[in-house]
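Asker: Starting off with a structure, shown below.
The values are calculated or read from the model by the stated rules, or taken from the named source; none is laboratory data. Since the structure is predicted, the reported quantities are computational estimates derived from the model, not experimental observations. Neighbour counts are summed over all protein chains in view; Cβ atoms, including those assigned to glycine, are modelled from backbone coordinates with ideal geometry. Heavy atoms of the whole protein, side chains included, go into the accessibility calculation; ligands, DNA and RNA do not. Shrake-Rupley method; radii C 1.70, N 1.55, O 1.52, S 1.80 Å.
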Amino acid sequence: MVTSHSGFRPSNRVESQLRMKNQMTESEKGIVYLVGAGPGGPGLVTRRAYALLARADVVVYDYLVHPDLIAACRADCERVYVGKKAGRHSIEQNKIEEILVDWVRSGKRVVRLKGGDPFVYGRGGEEARRLRDKGIPFEIVPGVTAAVAAAGYTGIPLTQRNTSSAVVFLTGHEDPEKKTTVVDWRAYGALDATLCIYMGMARLREIVDELIAGGRAPDTPAAAVQWASLSRQRTCRATLRELPDAVREAGLGAPAVVLVGEVVAVGDGLDWFERRPLFGRRVVVTRNREQAGELRDKLEEAGAEVLEIPMVRIRGDHDERVWKEILEGLGAYDWLVFSSANGVRHFFEYFLKRHADVRDLGSMRIAAVGRGTARAIEGYLLKPELVPETATADGLADALIATGSLDSAKILVVTGNRGGDKLVTRLEQDGFAIVDRLPVYRTDLQTLEELPQVEDFRERGADYMVFTSSSAVQSFVSQAAKLKTGPEAATPLACSIGPVTTEKLKSLGLTVHVEPCEQTLDALVASIIEHARSP
Ligand code: SAH
């Protein structure tokens, strides 16, 4: 037999090329990716899922999919929610399949994002078969399924040498209308395996009775894990027989997985997630959206549940005429001074958009009010040569004056529409400098009605509310009525990043419970942890 270099006979090669061509035109026509979104936390998702989300034309998603994943889509990506709405059922499966087919037929790349893994109680099989029947190309991206997440995040191993060598996934949801197969619970009660029960909370008593009737020892260790991997995770451990009562007393409900088996006892003391210092604490972050992320990450890392309620909105605001003059005389400045990280961001965004190049800044010396601002500058590959110990207008003015370089020097101070006055005055009056002020952004009040998370706050309240600027404090106080919490809600304690914010809080009659000695986000989070630990 004559074989070509690739191992195909020539005729086959042509065929395979043709096939490839067909596949290409098909994928140009559209494709569906059935993607596992994991158990909730946005970090528990594959890189493949993120990559597909970033280039999807359409994302069709469920209840329990984390909003950060949806936020990872392109701005012009069509977002279609097909999950449960408050008090309403989810859209019927048939309808979802139709939606997928319609989009893909119009040539779109569709990501069908499903909680956990698409092939574990996710009806991914049905969707894939429907796509195959219609000749629509698809791919499947696995995800971390709830039972695996619950195991990892409670420290309960699913298998353990000499204790459990088998794992069974079961569903407690048996809707008579939905023709699901009936689980023979007694048969599973006779098995020596770790049982992972999905959707079992509503019928837990019945399920447990059947497992025991089937032979499972009533004192088998068991646990129910609600909201696994999320900061609101809750775990209830008891013997199998006592679990239904314990769950009811603790007020645990769906979504939860129930784990049954000796492995639950192996997990004693391994519950690393719930032992983190801020676990179970709700913290409101009042920073503007662009800046909240870093603080949010640090708080979540410590175990807190973070609610972002930005009190202010910051946007670029530039006066063409002022910029023109400044750019023309750029070479004459000795110092470029930044009084906030927002100033840095909006300055460089505009500066570089004007076809300027960072080298146009010449040999100007650069100063930053604090370390956060310095880091923002370093983001543009520039190093500030002056960062004062105390991150305040006075601290910065003192440090600049102490360099002995200000007398008749020309200084450009980059600020927002508010603030900056004190710094400018001190540099002029005490440093004898010639100062130009360049406002590059505006700080506006965020109208709280527009934010969905405000409702959540009114209902449940929070343990701490963190302020990192006086403008956020001002906004909070002026809109306090809209944040009035209900009778069940916890009243948050105010935390302040530093002296200026603290002063503002106090001047408006608020008590400050947490303030770090050093004005950094790390120190702030450390102080909250210390406060939470103290009895
Ligand atoms: N495909 C999903 C399961 C969907 S069925 C997966 O692979 O995980 C929905 C059920 O999954 C819920 O009723 C609950 O039993 C479980 N579940 C989903 N997310 C969960 C979570 N974060 N914590 C606990 N259980 C969860």
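Asker: Once neighbouring chains are kept in place and the probe is 1.4 Å, which whole percent of the accessible area of segment 29-144 is contributed by carbon and sulfur?
Answerer: So the carbon and sulfur contribution to the accessible surface is 51 percent.
Asker: Show me, bin by bin at 10 Å from 0, the whole-percent P(r) of segment 421-535 based on Cα pairs.
Answerer: It works out to 12, 32, 34, 14, 6, 1, in whole percents.
Asker: Something else now. Of 443, 414, 432, which is farthest on the positive side of the dipole of segment 413-462, counting Cα position, with +1 on Lys and Arg Cβ, -1 on Asp and Glu Cβ, and the Cα centre as origin?
Answerer: 432
Asker: If I ignore ligands, DNA and RNA and count only protein heavy atoms, how much of residue 73 is accessible to a 1.4 Å probe, in Å² to the nearest 10?
Answerer: 10 Å²
Asker: May I pose another question? Work out the length of the dipole vector of segment 118-161 about its Cα centre, built from +1 on the beta-carbon of each Lys and Arg and -1 on the beta-carbon of each Asp and Glu, and round it to the nearest 20 debye.
Answerer: 100 debye
Asker: Sticking with this structure for a sec: As a test question: what accessible area, to the nearest 10 Å², does residue 145 have when a 1.4 Å probe is rolled over all protein chains in place?
Answerer: That residue has around 10 Å² of solvent-accessible surface.
Asker: Can I ask one more? Can you give the convex hull volume per residue for the Cα atoms of the chain, as a whole number of Å³?
Answerer: 236 Å³
Asker: On the protein heavy atoms, probe 1.4 angstrom, tell me the percent of accessible surface of segment 225-311 carried by carbon and sulfur.
Answerer: 44 percent
Asker: Which residues' amide hydrogens lie under 5 Å from the amide hydrogen of residue 109, considering only partners 5 or more residues apart or on another chain, with H built in the peptide plane?
Answerer: 31, 57, 58
Asker: Give me the Å³ per residue figure for the convex hull around the C-alpha atoms of segment 315-444.
Answerer: Cα-based convex hull of segment 315-444, divided per residue, equals 96 Å³.
Asker: Using alpha carbons only, how many angstrom separate the centre of segment 380-404 from the centre of segment 59-128?
Answerer: When both Cα centres are located, 51 Å separates them.
Asker: What are the ³J(HN,Hα) values, in whole Hz, obtained from phi via the Karplus relation 6.51 cos²θ - 1.76 cosθ + 1.60 with θ = phi - 60°, for each residue of segment 371-376 in sequence order, with x given for Gly and Pro?
Answerer: 5, x, 5, 4, 5, 4
Asker: I would also like to ask the following. Can you bin segment 103-174 into rounded, prolate or oblate? Criterion: square roots of the alpha carbon gyration tensor eigenvalues sorted a ≥ b ≥ c, rounded for a/c under 1.5, prolate for a/b above b/c, oblate for the rest.
Answerer: Prolate shape, in that a/c is at least 1.5 and a/b is the bigger ratio.
Asker: Picking from 524, 323, 91, whose Cα lies most toward the positive end of the charge dipole for the chain (charges on Cβ: Lys, Arg +1; Asp, Glu -1)?
Answerer: Projecting each Cα onto the dipole axis, the largest value belongs to 91.
Asker: Can you list the aspartates and glutamates whose alpha carbon is less than 17 Å from that of residue 114, not counting same-chain residues fewer than 8 positions off?
Answerer: Qualifying aspartates and glutamates at Cα under 17 Å: 57, 62, 68, 78, 92, 97, 98, 126, 127, 139.
Asker: Right, something else. Any chance you could list P(r) for segment 29-144, counting all Cα-Cα pairs in 10 angstrom bins from zero, rounded to whole %?
Answerer: The calculated distribution, bin by bin, is 15, 52, 31, 2.
Asker: Shifting gears a bit: Any idea of the accessible area per residue across the chain, 1.4 Å probe, to the nearest Å²?
Answerer: Roughly 51 Å² per residue, with all protein chains present.
Asker: Another question, then. For segment 64-137, what is the charge dipole size about the Cα centre, in debye to the nearest 20, if Lys and Arg each add +1 at the Cβ and Asp and Glu each add -1 at the Cβ?
Answerer: 60 debye
Asker: What is the set of long-range amide H partners of residue 116 at a cut-off below 5 Å, with H atoms built 1.01 Å from backbone N?
Answerer: Here 37, 38, 40 satisfy the definition.
Asker: With the full set of protein chains in place, find how many percent of the accessible area of segment 381-535 is carbon and sulfur; take the probe as 1.4 Å.
Answerer: In segment 381-535, the share of accessible area belonging to carbon and sulfur is 51 percent.
Asker: What does the helix-only formula give at 222 nm for the chain: each DSSP H stretch with n ≥ 4 adding -39500 (n - 2.57), the total divided by the residues, and the result rounded to the nearest 500 deg cm²/dmol?
Answerer: It lands at -10500 deg cm²/dmol.
Asker: Choose one of 293, 195, 239: the residue whose Cα lies farthest towards the positive end of the charge dipole of the chain (beta-carbon charges +1 Lys, Arg; -1 Asp, Glu; about the Cα centre).
Answerer: 195
Asker: Still on this structure, please answer the following. Would you mind working out the magnitude of the charge dipole of segment 440-485 relative to its Cα centre, with +1 at each Lys and Arg C-beta and -1 at each Asp and Glu C-beta, to the nearest 20 Debye?
Answerer: Roughly 160 debye, rounded to the nearest 20.
Asker: Can you send over the solvent-accessible area of residue 380, 1.4 Å probe, protein chains only, in Å² to the nearest 10?
Answerer: 60 Å²
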